[in-house]
Amino acid sequence: MSNALWPQRFEDNPINEGETRLAYFKRLADIYNTTEGTVKTKYYRYCGEDAIHIEAEGGNNWIVVGDNYKWKCNNGVIDIPVTQIDQLFYEYSSKGLDLSGMDVRNRHNLKPWEWATIKNRLSLYKASNIFSPYTWDNTPPSEREGMVSAKMAEKFENTSQIVHSQYEKEIRKRYKDAIKESEKAKFFSRELQAELLNILPVLNDRKLSLYNHKDGLPKEHIVVAIADLHIGAEVDGLRITQRYDNEILRERLNKVADIVNSYQAKHVTLNILGDIIESFTGDMHANSWKSMAKGMYGAKVVREAVEILTDFFSRINNLYSVYCVGGNHDRPTANKNVEANGEIAELIMYILEKMYPTLSVNYNHTVVTHQSEGINYINVHGDKGHSLNKKIPELLFHHGEKSLFNLILAGHLHSRITALDGVNHRKIHCPSMFTGNQFSDDLGYSSSAGFLIIESINGLPKVVDYTLK
């Protein structure tokens with residue numbers, strides 16, 4: 001279909017009085033046996049209008065101006081060359097390279113929201129064409145066969161990419177099978193550990209900071225509780241919620257280490273109460289991409305989490321043990337019915353254990369307990385049924401100690417709450433490092449970041465809540 005004919009077509013078929021542009025585009029598409037998207041693109045190009053129409057996500061509003069796809073969505077403006085969008089179709093489509101969404105996003109350094117709106121606007125699915133709608137609609141039928149043949153020849157010439165792609169699919173298949181079958185031994189087999197660790201930086205043994213306090217009155221033992229780090233999250237410009245990203249988290253953890261070291265404790269225990277990362281896949285929730293930093297998913301977010309936590313661990317004097325539970329954001333899949341055990345947190349803890357041979361690292365996806373100076377600590381994330389207030393008697397029955405004070409520590413709610421308080425037990429929802437996102441802000445919820453330091457005074461907890469900026 002010749003581009004030169006379009007100015008005359010618009011002149012021969014002007015928009016009618018009271019006719020919407022969408023109706024006008026549809027009418028011309030029917031007349032000239034093409035798509036509404038093609039008509040719209042030609043209209044904006046030849047009628048001198050370069051405004052980008054804004055429509056609710058999920059529609060197919062897009063135009064091509066100057067060889068770039070353009071549209072606006074709630075999170076920003078898309079202005080990407082047609083050639084690059086064609087490459088996305090070729091790489092993602094099962095008819096092309098059949099790469100995963102994560103692989104395509106990493107290759108093109110796309111933000112999660114950019115990938116989401118491209119898929120929605122251009123109807124990019126696994127069964128899609130290997131060319132984008134604009135390219136396909138504006139290629140004469142007689143030339144399409146040759147165009148497809150050339151692209152497929154390119155695919156099969158690049159045999160290394162095909163082998164790599166199939167290899168990655170097999171690794172993911174084993175990974176998913178292990179999750180579905182809930183066979184921890186199979187999932188964390190030596191072979192699969194090696195494959196996962198290959199995507200991370202070289203892991204060298206790290207040394208912990210051991211310090212013999214000679215001045216002041218050093219403490220014998222303190223317990224530190226941090227919750228909901230959400231590494232990879234990025235929040236800014238909200239109405240009441242504080243700005244947040246990985247650098248802010250690093251600054252907060254540095255302050256935590258400084259305050260912990262000021263206690264001059266001979267022995268420090270660290271409790272991590274889940275949600276170490278924001279999302280492994282980028283689609284933990286429907287709008288996860290709105291609060292994620294660019295590229296912070298998959299291997300990158302695991303690597304970032306390891307680097308942040310190694311810096312933090314190395315700053316704390318006399319850190320001897322770490323107890324961690326998995327959170328709902330630590331799953332490798334958005335579907336909790338497929339995997340609900342926070343396997344990404346377990347992987348991170350496994351790596352840290354290998355990096356710190358002298359550190360006692362303990363992980364469980366639901367409950368982890370330990371005892372210190374007359375207190376039995378019961379750590380949960382707070383998202384699972386056993387940690388609900390009405391289930392606390394059952395939790396205490398299975399994990400409590402009658403002769404000790406039982407302190408249940410939870411995260412998840414991003415708020416400070418003492419839910420239950422008894423003679424020999426108490427449940428505390430700890431403050432969060434991550435204080436909220438668009439969802440919580442829209443509901444009017446807000447909180448300040450913080451952490452807890454707990455000392456035992458004659459077998460009873462002295463809990464100090466520190467607020468962080």
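Which numbered condition in (1) assigned to a loop (DSSP other than H, G, I, E, B); (2) more than 22 Å from Ile348 (Cα to Cα) is the only one that Thr366 fails?
Single failed check for Thr366: (2).
Looking at segment 90-109, which of its residues are in contact with a helix residue (DSSP H, G or I) (Cβ under 8 Å, 6 or more places away or on another chain) and either in a helix (DSSP H, G or I) or not assigned by TED's automatic domain parsing to the domain that holds Pro133 (or both)? Reasoning before the result, please.
Residues of segment 90-109 that are in contact with a helix residue (DSSP H, G or I) (Cβ under 8 Å, 6 or more places away or on another chain), as a first pass: 90-92, 96-101, 103-108.
Correct list: Tyr90, Glu91, Tyr92, Gly101, Asp103, Val104, Arg105, Asn106, Arg107, His108.
Can you give me the number of residues within segment 387-418 that are part of a strand (DSSP E or B) and either free of Cβ contacts under 8 Å to residues at least 12 places away in the same chain or within 29 Å of the chain's Cα centre (by Cα) (or both)?
Pass one, segment 387-418, residues part of a strand (DSSP E or B): 405-410, 417-418.
From what's left, either free of Cβ contacts under 8 Å to residues at least 12 places away in the same chain or within 29 Å of the chain's Cα centre (by Cα) (or both): 408-410, 417-418.
Residues in segment 387-418 being part of a strand (DSSP E or B) and either free of Cβ contacts under 8 Å to residues at least 12 places away in the same chain or within 29 Å of the chain's Cα centre (by Cα) (or both): 5 in total.
Pairs, please: C-beta under 9 Å, at least 6 apart or cross-chain, first residue modelled with pLDDT under 85 and in segment 136-165, second of a type in the set (Lys, Arg)?
Met152/Lys95; Gln161/Lys155; Ile162/Lys155
Restricting to segment 132-147, what's the tally of residues that are in contact with a Phe, Trp or Tyr (Cβ under 9 Å, 6 or more places away or on another chain) and surrounded by fewer than 17 Cβ atoms within 10 Å (Cβ to Cβ)?
Counting residues in segment 132-147 that are in contact with a Phe, Trp or Tyr (Cβ under 9 Å, 6 or more places away or on another chain) and surrounded by fewer than 17 Cβ atoms within 10 Å (Cβ to Cβ) gives 3.
Taking Ile118, is it outside the structural domain of Val302 (by TED's automatic domain parsing), hydrophobic (A, V, I, L, M, F, W, C) and at pLDDT below 85? Let's see the steps before the verdict.
Numbers: outside the structural domain of Val302 (by TED's automatic domain parsing): yes; hydrophobic (A, V, I, L, M, F, W, C): yes; at pLDDT below 85: no.
Considered against the rule, which asks whether it is outside the structural domain of Val302 (by TED's automatic domain parsing), hydrophobic (A, V, I, L, M, F, W, C) and at pLDDT below 85, Ile118 comes out as no.
Kindly indicate the residue of segment 362-395 that is out of contact with any Ser or Thr (no Cβ under 8 Å at 6 or more places or on another chain), surrounded by 18 or more Cβ atoms within 10 Å (Cβ to Cβ) and of a type in the set (A, V, I, L, M) and also modelled with the lowest pLDDT among those meeting that condition.
Ile392
Check whether at least one residue in segment 11-27 is in contact with a Leu (Cβ under 8 Å, 6 or more places away or on another chain) and modelled with pLDDT of 80 or more, and report yes or no. Full working, then the answer.
Let us first name the residues in segment 11-27 that are in contact with a Leu (Cβ under 8 Å, 6 or more places away or on another chain), namely 13.
From the residues that got through so far, the ones that are modelled with pLDDT of 80 or more too are none.
No, segment 11-27 contains no residue that is in contact with a Leu (Cβ under 8 Å, 6 or more places away or on another chain) and modelled with pLDDT of 80 or more.
The values are calculated or read from the model by the stated rules, or taken from the named source; none is laboratory data. Please read these numbers as outputs of a predicted model, since none were measured by experiment. Every residue, glycine as well, gets a Cβ built from its backbone with ideal geometry; the counts of neighbours run over all protein chains shown.
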